[in-house]
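Here's the structure we're looking at; comments come further down.
The values are calculated or read from the model by the stated rules, or taken from the named source; none is laboratory data. Computed from a prediction, not measured in an experiment: that's the story for all the values here. No Cβ is skipped: glycine too gets one built from the backbone with ideal geometry, and neighbour counts run over all protein chains shown. SASA here: full protein model, heavy atoms, side chains in, ligands and nucleic acids out. Shrake-Rupley method; radii C 1.70, N 1.55, O 1.52, S 1.80 Å.
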Amino acid sequence: MKFSRFSLVLILFLILPQISFAQSNYVLPYPSFMPGNKFYKISLIWDEIKKYWYFGDFGQFKYNLSQSDKHLVEARTLFDYKQYLLALSALEKSDMYFGRVFKVLVSAKSNNKNVFEKEILLKEASQKHFEELKKIRGNVPEVFEWRPEKESPTILNLWEIMDDSIEIRQKIL
Amino acid sequence: MMAVSVLVLTLVLFSIFTYSFVDVNVPYLENLYTGYYSAHRILLTSLYVILISVLFGCFYFSTKNVDKLKNNLKKIVIFVILLAIIAYPAALTFDIFNYMTTAKVLFLHQENPYIIYPIEFIDDSYLEFTRATNKTALYGPFWIMLSGIPHLAGLGNFILTLFSFKVFIALFYIGTIYMIGKIDKNAVIFFALNPLVIVETLVSGHNDIVMIFFAIVSFYLFFKKRYGLSALAFIGSILIKFATLFLIPVFIAMAKDNIIGKKIDKEKAFVYSAGFMFLIFLLSPLREELYPWYAVWFVVFTSFLYKNKFLQNLVLVFSFGLMLRYVPYMATGTYFGFTPIVRNLLMIAPLVLFLIFSWLKIVFPRLLKLLR
């Protein structure tokens with residue numbers, strides 16, 4: 001009996017680490033300039049200019065997805081440094097761009113463009129965003145009171161906001 | 001005029017010859033596909049060498065009697081254009097398909113061709129025969145805007161669009177000849193009837209002629225002291241294919257001469273222009289490879305240097321060598337193996353022979369007279 005129990009534990013021990021859940025191969029970019037950096041505002045202006053360069057349905061698809069990725073990475077880095085207010089602002093931007101990606105695909109479809117590959121890419125991106133957001137959610141408190149100097153504190157419902165962000169991605173999956 | 005007649009006749013044969021290269025992947029031309037190229041590579045390559053040799057030979061001999069040629073130049077040019085324009089443009093290169101596909105990305109799909117690859121339009125039938133569909137636009141923005149004209153003229157029909165592009169390119173060939181004539185009438189023939197220029201511009205439809213047209217317009221306007229328009233034309237030229245950036249030092253030197261009140265030495269300007277364009281031509285393998293049609297960049301400026309017969313003959317022989325670069329791929333159907341080496345050897349061989357011959361002419365003039 002002892003031996004069989006031991007064997008079972010041993011087998012589980014050997015197998016369990018190898019069991020992994022499906023992970024997205026989608027690669028997020030390196031963090032760009034962060035808030036506080038003197039080039040941060042310039043990078044935001046540059047991003048705004050780029051919006052016009054990336055015209056067309058597919059162009060807008062690329063632009064919005066890359067912006068969503070960029071701001072998600074920015075949010076992740078800011079959450080790591082417990083800069084929750086800035087992180088939530090970045091996450092909000094990421095959500096906004098992500099929502100636009102889907103709208104652009106609908107527009108491309110209505111313009112008779114084959115969006116099959118783009119849909120796959122968007123699903124992979126959604127999966128990756130979902131994984132990242134889940135990880136971040138696991139590392140932040142449910143509620144946080146943000147106390148800036150000389151200003152009244154703000155209550156940040158981190159989990160609630162993150163759940164909304166996750167939901168936006170889950171709609172695509 | 002005998003040589004010109006043979007040149008025109010050879011061009012007729014060359015235009016017919018190009019149709020043996022119709023790609024099986026071009027569904028719009030399936031009635032013209034014979035499969036002859038894949039079955040008779042060596043025969044077709046031999047034919048190509050003969051046709052090209054005859055074209056260059058005829059051109060060389062026809063320029064011996066320039067006066068007669070000058071009187072009939074307009075008629076000859078019209079004949080040449082009509083004959084070359086009907087040729088199949090993708091016999092030697094596939095660039096014309098790339099122009100069409102890029103224009104389609106912008107004007108039909110309304111996407112930015114500098115960020116969206118043609119391959120992203122997975123249903124597009126042009127993908128079957130267009131090369132470099134995994135690359136964004138390779139040319140300058142002015143070319144892409146201009147390509148909207150033949151694209152729209154094609155009314156969405158492949159064959160109409162293909163030939164609209166050819167006609168469009170031919171218009172710039174006419175324009176270039178006209179502008180060369182405005183600068184110096186004696187320079188026209190060397191450019192207009194050069195077989196490399198005819199094949200690469202009128203048969204294959206390369207857009208280098210558009211860049212050259214604006215560069216020549218820019219020179220003309222500069223000589224006429226209309227500097228603002230000259231600068232505009234020069235920028236237009238650069239925004240077609242960027243290579244004319246190398247002419248900036250020439251324009252700076254001319255502007256300097258102008259400021260200090262010195263008369264502009266046109267010949268000197270064209271010597272340097274030919275030199276700089278030859279330099280960028282030699283540097284082109286750093287980006288991709290030495291394509292024969294890039295020779296148009298310096299051939300045009302060499303045409304103004306007709307006083308230097310040796311230089312013009314040297315350029316002509318080199319043009320012939322460049323046209324032989326197509327031979328190894330045509331014969332083997334592969335870009336690998338010996339193809340790159342043989343290609344370079346074939347390009348250089350006529351040049352080396354010409355230089356040896358010229359040297360012998362100087363060292364042993366009597367011996368050569370006897371041989372003749």
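Okay, here's what the table says:
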quantity: Long-range neighbours under 8 Å by Cβ, at least six apart or interchain, first residue touching a residue at least 24 places away in the same chain (Cβ under 8 Å) and among the hydroxyl-bearing types (S, T, Y) within the range A:121-139, second part of a helix (DSSP H, G or I) and open to solvent by 40 Å² or more (accessible area, probe 1.4 Å); calculated: A:S126/A:Q170
quantity: Among (1) surrounded by fewer than 16 Cβ atoms within 10 Å (Cβ to Cβ); (2) assigned to a loop (DSSP other than H, G, I, E, B); (3) more than 14 Å from every other protein chain (Cβ to nearest Cβ) - the single one B:K64 does not satisfy; calculated: (2)
quantity: Test for B:L155: is it more than 21 Å from the chain's Cα centre (by Cα), modelled with pLDDT of 95 or more and hydrophobic (A, V, I, L, M, F, W, C); calculated: yes
quantity: Residue within the range B:36-49 that is among the basic types (K, R) and either free of Cβ contacts under 8 Å to residues at least 24 places away in the same chain or closer than 28 Å to B:S237 by Cβ (or both) present; calculated: no
quantity: Cβ pairs under 9 Å, 6+ apart, first in the range A:152-173 and part of a helix (DSSP H, G or I), second of a type in the set (V, I, T) and open to solvent by 50 Å² or more (accessible area, probe 1.4 Å); calculated: A:L158/A:V143; A:W159/A:V143; A:E160/A:V143
quantity: Selection status of A:K123, buried (at least 18 other Cβ atoms within 10 Å of the Cβ), within 19 Å of A:P29 (Cβ to Cβ) and not acidic (D, E); calculated: no
quantity: Whichever residue in the range B:145-162 is on the phi < 0 side of the Ramachandran plot, of a type in the set (G, A, S) and in a loop (DSSP other than H, G, I, E, B) and, among such residues, is farthest from the other protein chains (Cβ to nearest Cβ); calculated: B:G154
quantity: A:K82 vs. criteria open to solvent by 70 Å² or more (accessible area, probe 1.4 Å), away from chain B (no Cβ under 14 Å), out of contact with any Leu (no Cβ under 9 Å at 6 or more places or on another chain) and part of a loop (DSSP other than H, G, I, E, B); calculated: yes
quantity: Positions within the range A:46-68 being of a type in the set (S, T, Y), within 10 Å of chain B (Cβ to nearest Cβ) and assigned to a helix (DSSP H, G or I), in sequence order; calculated: A:Y52, A:Y63
quantity: Any hit, the range B:299-318, residues being in contact with a Leu (Cβ under 7 Å, 6 or more places away or on another chain), within 30 Å of B:S38 (Cα to Cα), surrounded by 16 or more Cβ atoms within 10 Å (Cβ to Cβ) and in contact (Cβ under 8 Å) with a residue 24 or more places away in the chain; calculated: yes
quantity: Which listed residue is over 20 Å from B:Y28 (Cα atoms), part of a loop (DSSP other than H, G, I, E, B) and open to solvent by 20 Å² or more (accessible area, probe 1.4 Å), from B:N134, B:N112; calculated: B:N134
quantity: Tally of residues being surrounded by fewer than 21 Cβ atoms within 10 Å (Cβ to Cβ) and within 14 Å of another protein chain (Cβ to nearest Cβ) across the range B:93-108; calculated: 2
quantity: Boolean, B:Y88 is more than 13 Å from every other protein chain (Cβ to nearest Cβ), open to solvent by 10 Å² or more (accessible area, probe 1.4 Å) and at negative phi; calculated: no
quantity: Count - residues of the range B:122-131 that are surrounded by fewer than 19 Cβ atoms within 10 Å (Cβ to Cβ) and not in a loop (DSSP other than H, G, I, E, B); calculated: 3
quantity: Close pairs from the range B:249-261: first farther than 18 Å from B:F234 by Cα, partner among the basic types (K, R) and not in a helix (DSSP H, G or I), Cβ under 9 Å, at least 6 apart; calculated: B:D257/B:K263
quantity: Test: residue in the range B:53-61 that is open to solvent by 10 Å² or more (accessible area, probe 1.4 Å), closer than 24 Å to B:G321 by Cβ and β-branched (V, I, T); calculated: yes
quantity: Test for B:P292: is it in contact with a Lys or Arg (Cβ under 8 Å, 6 or more places away or on another chain) and either modelled with pLDDT of 95 or more or open to solvent by 80 Å² or more (accessible area, probe 1.4 Å) (or both); calculated: yes
quantity: Identity of the residue in the range B:319-372, of a type in the set (F, W, Y) and over 22 Å from B:F59 (Cβ atoms), that ends up surrounded by the fewest Cβ atoms within 10 Å (Cβ to Cβ); calculated: B:F336
quantity: Selection from the range B:109-144 of residues that are more than 11 Å from chain A (Cβ to nearest Cβ) and among the acidic types (D, E); calculated: B:E128
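Yes/no per residue for (1) open to solvent by 40 Å² or more (accessible area, probe 1.4 Å); (2) within 22 Å of A:Y26 (Cβ to Cβ); (3) outside any helix (DSSP H, G or I); (4) at pLDDT below 95:
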{"position": "A:K93", "(1), (2), (3), (4)": "yes, yes, no, no"}
{"position": "A:F98", "(1), (2), (3), (4)": "no, yes, no, no"}
{"position": "A:K103", "(1), (2), (3), (4)": "yes, yes, no, yes"}
{"position": "A:N112", "(1), (2), (3), (4)": "yes, no, yes, yes"}
{"position": "A:H129", "(1), (2), (3), (4)": "no, yes, no, no"}
{"position": "A:L133", "(1), (2), (3), (4)": "no, yes, no, no"}
{"position": "A:K150", "(1), (2), (3), (4)": "yes, no, yes, yes"}
